[in-house]
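A short write-up of the structure that comes next.
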Amino acid sequence: RRAIKTAFEAGYDSIGTGWLEPNLALDVIRTTEQCGGKLIYSDLTRFGGMGDKNIFCETDEFEKIIEETKKWNCVVGYSCWDEPILQEHMEQVRRMFDYCESIYPEILPYSCANPDYHKLCRWQDNAYAPYIDRFISTIDPAVMGFDYYPIGRLEYDPALQLDNTTMWSDLEIVRRAAQKHEIPFWFTYQGQRFAFHKIHYIFRFTIIKIKR
(Lines give C-alpha, C1' and ligand atoms only; values in the text may rest on other atoms or scores of the structure.)
Protein backbone atom coordinates (compact mmCIF):
# COMPACT_ATOMS: atom_id res chain seq x y z
CA ARG A 1 0.00 0.00 0.00
CA ARG A 2 2.83 2.36 0.83
CA ALA A 3 4.46 1.66 -2.54
CA ILE A 4 1.23 2.43 -4.40
CA LYS A 5 0.69 5.66 -2.50
CA THR A 6 4.30 6.65 -3.13
CA ALA A 7 3.88 6.02 -6.86
CA PHE A 8 0.85 8.29 -7.10
CA GLU A 9 2.50 10.94 -4.94
CA ALA A 10 5.47 10.83 -7.32
CA GLY A 11 3.20 11.69 -10.25
CA TYR A 12 2.12 8.39 -11.73
CA ASP A 13 -1.53 8.56 -12.74
CA SER A 14 -2.11 4.86 -13.44
CA ILE A 15 -0.83 1.42 -12.48
CA GLY A 16 -1.64 -2.21 -13.26
CA THR A 17 -2.23 -5.25 -11.08
CA GLY A 18 0.10 -7.32 -13.25
CA TRP A 19 0.55 -10.90 -12.07
CA LEU A 20 -0.61 -10.37 -8.50
CA GLU A 21 -2.62 -12.94 -6.57
CA PRO A 22 -6.36 -12.06 -6.54
CA ASN A 23 -6.47 -11.01 -2.87
CA LEU A 24 -3.48 -8.74 -3.27
CA ALA A 25 -4.88 -7.35 -6.52
CA LEU A 26 -8.08 -6.43 -4.67
CA ASP A 27 -6.02 -4.61 -2.07
CA VAL A 28 -4.30 -2.72 -4.89
CA ILE A 29 -7.71 -1.70 -6.26
CA ARG A 30 -8.82 -0.40 -2.86
CA THR A 31 -5.62 1.58 -2.37
CA THR A 32 -5.76 3.01 -5.90
CA GLU A 33 -9.36 4.05 -5.32
CA GLN A 34 -8.38 5.82 -2.10
CA CYS A 35 -5.55 7.62 -3.89
CA GLY A 36 -7.77 8.74 -6.76
CA GLY A 37 -5.60 6.92 -9.29
CA LYS A 38 -6.35 4.76 -12.31
CA LEU A 39 -5.79 1.05 -12.72
CA ILE A 40 -5.69 -1.59 -15.46
CA TYR A 41 -6.88 -4.85 -13.95
CA SER A 42 -5.77 -8.38 -14.72
CA ASP A 43 -6.21 -11.76 -13.04
CA LEU A 44 -4.49 -14.63 -14.81
CA THR A 45 -6.18 -17.11 -12.49
CA ARG A 46 -9.59 -16.16 -13.88
CA PHE A 47 -9.22 -14.86 -17.43
CA GLY A 48 -6.78 -14.49 -20.28
CA GLY A 49 -3.31 -15.95 -20.50
CA MET A 50 0.34 -15.21 -21.07
CA GLY A 51 2.40 -15.65 -24.22
CA ASP A 52 1.58 -18.86 -26.05
CA LYS A 53 -0.07 -20.47 -23.02
CA ASN A 54 -3.38 -20.34 -21.21
CA ILE A 55 -2.46 -22.42 -18.18
CA PHE A 56 -3.55 -20.23 -15.32
CA CYS A 57 -7.32 -20.59 -15.40
CA GLU A 58 -9.52 -23.56 -16.23
CA THR A 59 -12.60 -21.41 -16.86
CA ASP A 60 -12.64 -17.97 -18.45
CA GLU A 61 -14.48 -15.65 -16.06
CA PHE A 62 -13.86 -12.40 -17.90
CA GLU A 63 -17.54 -11.43 -17.99
CA LYS A 64 -17.90 -12.13 -14.26
CA ILE A 65 -14.76 -10.14 -13.49
CA ILE A 66 -16.18 -7.09 -15.26
CA GLU A 67 -19.36 -7.29 -13.20
CA GLU A 68 -17.38 -7.63 -9.98
CA THR A 69 -14.97 -4.76 -10.61
CA LYS A 70 -16.97 -2.14 -12.46
CA LYS A 71 -18.12 -0.67 -9.15
CA TRP A 72 -14.60 0.69 -8.69
CA ASN A 73 -14.10 4.09 -10.32
CA CYS A 74 -10.35 3.51 -10.50
CA VAL A 75 -10.64 0.57 -12.91
CA VAL A 76 -10.17 2.10 -16.35
CA GLY A 77 -9.13 -1.01 -18.28
CA TYR A 78 -8.62 -4.76 -18.36
CA SER A 79 -5.46 -6.50 -19.48
CA CYS A 80 -7.03 -9.35 -21.43
CA TRP A 81 -3.91 -11.30 -22.40
CA ASP A 82 -0.23 -10.71 -21.74
CA GLU A 83 1.76 -10.98 -24.98
CA PRO A 84 -0.47 -13.29 -27.08
CA ILE A 85 1.44 -14.83 -29.95
CA LEU A 86 -0.67 -17.70 -31.32
CA GLN A 87 -3.37 -16.78 -33.81
CA GLU A 88 -6.08 -18.55 -31.82
CA HIS A 89 -5.20 -16.55 -28.73
CA MET A 90 -5.20 -13.25 -30.61
CA GLU A 91 -8.65 -14.10 -31.94
CA GLN A 92 -9.78 -14.85 -28.40
CA VAL A 93 -8.43 -11.48 -27.28
CA ARG A 94 -10.45 -9.76 -30.00
CA ARG A 95 -13.60 -11.53 -28.76
CA MET A 96 -12.86 -10.33 -25.23
CA PHE A 97 -12.39 -6.81 -26.59
CA ASP A 98 -15.72 -7.02 -28.42
CA TYR A 99 -17.54 -8.08 -25.26
CA CYS A 100 -15.94 -5.38 -23.11
CA GLU A 101 -16.60 -2.65 -25.67
CA SER A 102 -20.23 -3.72 -26.09
CA ILE A 103 -21.20 -3.50 -22.41
CA TYR A 104 -18.59 -1.13 -21.04
CA PRO A 105 -17.51 1.21 -23.86
CA GLU A 106 -15.78 3.72 -21.60
CA ILE A 107 -13.31 1.07 -20.38
CA LEU A 108 -10.13 0.10 -22.24
CA PRO A 109 -9.63 -3.58 -23.13
CA TYR A 110 -5.89 -3.98 -23.37
CA SER A 111 -3.24 -6.40 -24.60
CA CYS A 112 0.45 -5.99 -25.32
CA ALA A 113 2.59 -7.58 -28.02
CA ASN A 114 5.36 -10.07 -27.35
CA PRO A 115 8.96 -8.86 -27.70
CA ASP A 116 11.17 -10.69 -30.18
CA TYR A 117 12.73 -12.97 -27.57
CA HIS A 118 9.97 -15.53 -28.08
CA LYS A 119 11.05 -18.31 -30.43
CA LEU A 120 7.97 -17.80 -32.63
CA CYS A 121 8.66 -14.16 -33.47
CA ARG A 122 12.40 -13.57 -33.55
CA TRP A 123 13.34 -10.60 -35.73
CA GLN A 124 16.52 -12.45 -36.73
CA ASP A 125 14.21 -14.95 -38.47
CA ASN A 126 12.32 -12.12 -40.20
CA ALA A 127 9.32 -13.11 -38.09
CA TYR A 128 8.87 -10.12 -35.81
CA ALA A 129 7.40 -7.53 -38.20
CA PRO A 130 4.88 -10.08 -39.61
CA TYR A 131 3.89 -10.98 -36.04
CA ILE A 132 3.22 -7.33 -35.18
CA ASP A 133 1.15 -6.97 -38.37
CA ARG A 134 -0.93 -10.03 -37.36
CA PHE A 135 -1.33 -8.67 -33.84
CA ILE A 136 -2.75 -5.38 -35.09
CA SER A 137 -4.89 -6.81 -37.90
CA THR A 138 -6.41 -9.50 -35.65
CA ILE A 139 -6.87 -7.66 -32.37
CA ASP A 140 -7.35 -4.13 -33.74
CA PRO A 141 -6.32 -2.57 -30.41
CA ALA A 142 -7.26 0.93 -29.33
CA VAL A 143 -3.67 1.34 -28.16
CA MET A 144 -0.57 -0.55 -29.27
CA GLY A 145 0.96 -2.05 -26.14
CA PHE A 146 4.56 -3.23 -26.04
CA ASP A 147 6.76 -4.17 -23.10
CA TYR A 148 10.32 -5.33 -22.69
CA TYR A 149 11.83 -7.27 -19.79
CA PRO A 150 15.60 -7.60 -20.19
CA ILE A 151 16.64 -8.16 -16.59
CA GLY A 152 16.94 -11.81 -15.68
CA ARG A 153 17.46 -13.17 -19.19
CA LEU A 154 20.44 -15.50 -19.36
CA GLU A 155 22.19 -13.46 -22.05
CA TYR A 156 21.63 -10.16 -20.26
CA ASP A 157 24.92 -8.50 -19.31
CA PRO A 158 24.46 -5.69 -16.75
CA ALA A 159 27.87 -4.29 -17.64
CA LEU A 160 26.70 -3.57 -21.18
CA GLN A 161 23.27 -2.42 -20.00
CA LEU A 162 21.25 -1.59 -23.12
CA ASP A 163 24.02 -1.63 -25.70
CA ASN A 164 23.50 -5.21 -26.85
CA THR A 165 19.75 -5.54 -26.47
CA THR A 166 17.32 -6.24 -29.34
CA MET A 167 14.84 -3.89 -27.70
CA TRP A 168 15.73 -1.06 -30.07
CA SER A 169 14.88 -3.15 -33.14
CA ASP A 170 11.59 -4.27 -31.61
CA LEU A 171 10.75 -0.76 -30.51
CA GLU A 172 11.19 0.67 -33.99
CA ILE A 173 9.15 -2.11 -35.64
CA VAL A 174 6.26 -1.62 -33.21
CA ARG A 175 6.50 2.17 -33.37
CA ARG A 176 6.26 2.17 -37.15
CA ALA A 177 3.32 -0.25 -37.11
CA ALA A 178 1.45 1.88 -34.58
CA GLN A 179 2.16 5.01 -36.62
CA LYS A 180 0.98 3.31 -39.82
CA HIS A 181 -2.34 2.35 -38.22
CA GLU A 182 -2.61 5.64 -36.30
CA ILE A 183 -2.73 3.88 -32.94
CA PRO A 184 -1.36 5.44 -29.73
CA PHE A 185 1.75 3.57 -28.62
CA TRP A 186 2.32 2.47 -25.01
CA PHE A 187 5.78 1.24 -24.05
CA THR A 188 6.54 -0.38 -20.69
CA TYR A 189 10.10 -1.16 -19.65
CA GLN A 190 11.15 -3.39 -16.76
CA GLY A 191 12.91 -1.32 -14.16
CA GLN A 192 13.01 -3.71 -11.21
CA ARG A 193 14.24 -7.27 -11.09
CA PHE A 194 11.74 -9.92 -10.02
CA ALA A 195 12.43 -12.10 -7.01
CA PHE A 196 13.12 -15.14 -9.20
CA HIS A 197 15.73 -13.33 -11.33
CA LYS A 198 19.41 -13.88 -10.57
CA ILE A 199 20.57 -10.51 -11.90
CA HIS A 200 20.70 -7.80 -9.25
CA TYR A 201 21.29 -4.76 -11.43
CA ILE A 202 18.32 -2.41 -11.10
CA PHE A 203 17.09 0.14 -13.62
CA ARG A 204 14.85 3.02 -12.75
CA PHE A 205 11.25 2.09 -13.58
CA THR A 206 9.86 3.99 -16.52
CA ILE A 207 6.60 3.91 -18.47
CA ILE A 208 6.45 5.97 -21.64
CA LYS A 209 3.26 6.74 -23.50
CA ILE A 210 3.92 7.91 -27.04
CA LYS A 211 1.34 9.45 -29.33
CA ARG A 212 1.71 10.71 -32.86
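Quick one: count up the residues across region 20-48 that are within 13 Å of residue 79 (Cβ to Cβ) and of a type in the set (Asp, Glu).
Residues in region 20-48 being within 13 Å of residue 79 (Cβ to Cβ) and of a type in the set (Asp, Glu): 1 in total.
With respect to residue 46, determine if the residue is among the basic types (Lys, Arg), at pLDDT 95 or above and either touching a His at 6+ places or on another chain (Cβ under 7 Å) or within 30 Å of residue 117 (Cβ to Cβ) (or both). Let's see the steps before the verdict.
Working: among the basic types (Lys, Arg): yes; at pLDDT 95 or above: no; either touching a His at 6+ places or on another chain (Cβ under 7 Å) or within 30 Å of residue 117 (Cβ to Cβ) (or both): yes.
It is false that residue 46 is among the basic types (Lys, Arg), at pLDDT 95 or above and either touching a His at 6+ places or on another chain (Cβ under 7 Å) or within 30 Å of residue 117 (Cβ to Cβ) (or both).
Taking region 5-56 on its own, how many of its residues are open to solvent by 70 Å² or more (accessible area, probe 1.4 Å), in a loop (DSSP other than H, G, I, E, B) and under 23 Å from residue 187 (Cα atoms)?
4
Go through 76, 93 for me and flag whichever is under 17 Å from the mean Cα position of the chain (by Cα), open to solvent by 40 Å² or more (accessible area, probe 1.4 Å) and modelled with pLDDT of 90 or more.
One residue alone meets the criteria, 76.
From the residues in region 104-124 that are touching a helix residue (DSSP H, G or I) at 6+ places or on another chain (Cβ under 7 Å) and among the aliphatic types (A, V, I, L, M), which one is nearest to residue 64 (Cα to Cα)?
Restricting to residues being touching a helix residue (DSSP H, G or I) at 6+ places or on another chain (Cβ under 7 Å) and among the aliphatic types (A, V, I, L, M), the top hit is 107.
Residue-by-condition table, conditions (1) in contact (Cβ under 8 Å) with a residue 40 or more places away in the chain; (2) farther than 19 Å from residue 14 by Cβ; (3) part of a loop (DSSP other than H, G, I, E, B):
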site: 59; (1), (2), (3): no, yes, yes
site: 65; (1), (2), (3): no, no, no
site: 85; (1), (2), (3): yes, yes, yes
site: 89; (1), (2), (3): yes, yes, no
site: 92; (1), (2), (3): no, yes, no
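What's the total number of residues in region 99-126 that are open to solvent by 30 Å² or more (accessible area, probe 1.4 Å) and either farther than 22 Å from residue 38 by Cα or hydrophobic (A, V, I, L, M, F, W, C) (or both)?
Residues flagged as open to solvent by 30 Å² or more (accessible area, probe 1.4 Å) and either farther than 22 Å from residue 38 by Cα or hydrophobic (A, V, I, L, M, F, W, C) (or both) within region 99-126 amount to 11.
The values are calculated or read from the model by the stated rules, or taken from the named source; none is laboratory data. Just so it is clear, the model here is predicted, and its values are computed rather than measured. Every residue, glycine as well, gets a Cβ built from its backbone with ideal geometry; the counts of neighbours run over all protein chains shown. Note: areas computed on protein heavy atoms with side chains; ligands, DNA, RNA excluded. Shrake-Rupley method; radii C 1.70, N 1.55, O 1.52, S 1.80 Å.
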